[in-house]
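Have a look at the structure below before the remarks.
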Amino acid sequence: MRVSITALFSLRTLLIIVLICLVVFLISGIIPSILYARIPVASAFRNFKESRRNWKLGSLFVQFVAMTFLIILLSVVWRQYNLMINDNPGYNPDELLYCKTEGVTPEQRQTVLSELSRMPMVKSVSAASTLSFDMVRGNNVWLPGSDKELFYLNDLYFADKEYLSVMEIPLLEGAIFSEEMADNVCMVDRKFAEKISLITGWTDGVVGKDVLVSEHGLSHICGVYESIRIGSIMWEATGPSMLFYRKNPAESPILIIKLHEMTPENIQAVSSTIERLLPTKEIHVNSFKLELVNLYNSSRLFRDSVIIGGIVVLLISIIGLIGYLQDEINRRKSEIAIRRINGGTVKDILSLFVTDILYIALPALVLGCLIAYYAAVKWQEDFTEKTNLSFLLFLSCAIVVLTIIMGVIVSSSYRKAQENPVESLRSE
């Protein structure tokens, strides 16, 4: 289900970007061309020069809005994507490998665990029932002697005594799992401890207390660990979690291997060892860190789509602006020459075109910022953690767009502003 949702999300966002580019392209070029083609030539020269100029200004306005929108949206998407892939999930995914061994007997699995633990590149190994970034099942909690359900929790099911140290999950209080503990021992996260203490009024903590958990029955709490992210920022299970002790790690289907150093050679060595010990099974060794990054492929594809759309719109806008400026320079070359003869400087001439464009650029920047803000807020609704949509971000992007516009204006009209005004008047 996760793959299909990602594919649909990416296709939808890509179509939106393509549609934006198409609309800008139509407004900028094709529609005005069709309209101008239907105007009689003589009438066009006599009566429609100003109308044509207004059309070009209107198309430039739309281009500036689209360019501002896409640059801001790209900045937001880029920041959000970096936030997600660099996020701290509450455990350390670096140097971690995992493999799923469903269909393998406990004896075979124990052989693999023993062999892996002796390899020089392996720091430690553990076994668990679930992976933290997968969607987990839930169960209900209530107190012994009561039939009132207290709350719903995310059940991580079983893990061995090495699990917390391999994952580098901090222990807040109590003790981690040990071989001396009974089968009904469990650990809970900080959210669980805070929530149940608030409901029951416990003031001495939860360590040593007994609770009833559906599917597990009477469970004894031995410790509290720091809450970790279950799932991803895009679909996080935000409730409390609980982890149960399994003395025999070979009974858990997922093997977690912590390396001293994550290198292709070490990964290949681990994979080859597992293939040698389980020749009839197809076992894939995966990187924890890479899997966490892959969870956000839809956001990466969206970011790439916005980049493509932004480049297309930027090129259309620059071409449209250059075309408008060339027409204006030709239309006003006599005025420019007269101003130069009367003492006007290059700066004065450039200010004519800058002021002309600013009248449409500034409102376009404001409108583009507003549209981008609305789109960014709607897009970020899918995430539990969001990058900050600060005023400085929007202002910086608007300044970048304005700088590009001003740069095109100056570079396109600077040569004409420096020309000999006598030559311009003589050509008239």
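Descriptive notes on the structure:
- Probe 1.4 Å, accessible area per residue of the stretch 208-297, Å²: 40 Å²
- Put simply, the amide H of R229, placed in the peptide plane, has neighbours under 5 Å in G90, Y91, leaving out anything fewer than 5 places away on its chain.
- Surface share of carbon and sulfur [accessible, 1.4 angstrom probe, percent] for the stretch 79-221: 51 percent
- Å² of accessible area per residue within the stretch 130-185, as computed with a 1.4 Å probe and no ligands counted: 51 Å²
- For the stretch 277-290, backbone phi angles converted through the Karplus equation (6.51, -1.76, 1.60; θ = phi - 60°) give residue-by-residue couplings of 7, 10, x, 8, 10, 9, 10, 9, 8, 10, 8, 4, 4, 5 Hz, Gly and Pro being listed as x.
- Coil-residue GluC sites (Glu not before Pro) of the stretch 259-300, DSSP, other Cβ within 10 Å capped at 11: E261, E282
- Built amide H within the under 5 Å cut-off of K123, gap 5+: K258, L259, H260
- Cα centroid separation - the stretch 194-252 against the stretch 104-158, whole Å: 12 Å
- Overall, the accessible surface of the stretch 356-407 at a probe of 1.4 angstrom is composed of carbon and sulfur to the extent of 73 percent.
- Averaging the Cα positions of each part gives two centres, and for the stretch 55-93 and the stretch 347-409 these lie 12 Å apart.
- The stretch 118-189 - Kirkwood radius from inverse mean 1/r over Cα pairs (Å): 14.6 Å
- The per residue volume of the convex hull around the alpha-carbon atoms of the stretch 178-319 is 230 Å³.
- Along the stretch 237-242 the Karplus relation, 6.51 cos²θ - 1.76 cosθ + 1.60 evaluated at θ = phi - 60°, assigns HN-Hα couplings of 7, 8, x, x, 9, 9 Hz to successive residues, with x for each Gly and Pro.
- The H on the amide N of A175, modeled in the peptide plane, is under 5 Å from the matching H of G223, V224, each at least 5 residues off or on a different chain.
- Coupling constants for the stretch 128-138 follow from the phi torsions by the Karplus curve (6.51 cos²θ - 1.76 cosθ + 1.60, θ = phi - 60°), and in residue order they are 8, 8, 9, 9, 5, 8, 8, 6, 9, 7, x Hz; glycine and proline get x.
- For the pair Q268 and Y152, label points projected 7 Å from Cα toward Cβ lie 4.7 nm apart.
- A simple spin-label model places pseudo-atoms 7 Å from Cα toward Cβ; at L395 and N88 they are separated by 3.0 nm.
The values are calculated or read from the model by the stated rules, or taken from the named source; none is laboratory data. In this text the structure is predicted, and so the values were computed from the model without any measurement. Every residue, glycine as well, gets a Cβ built from its backbone with ideal geometry; the counts of neighbours run over all protein chains shown. Surface accessibility is based on the protein's heavy atoms, side chains included, excluding ligands, DNA and RNA. Shrake-Rupley method; radii C 1.70, N 1.55, O 1.52, S 1.80 Å.
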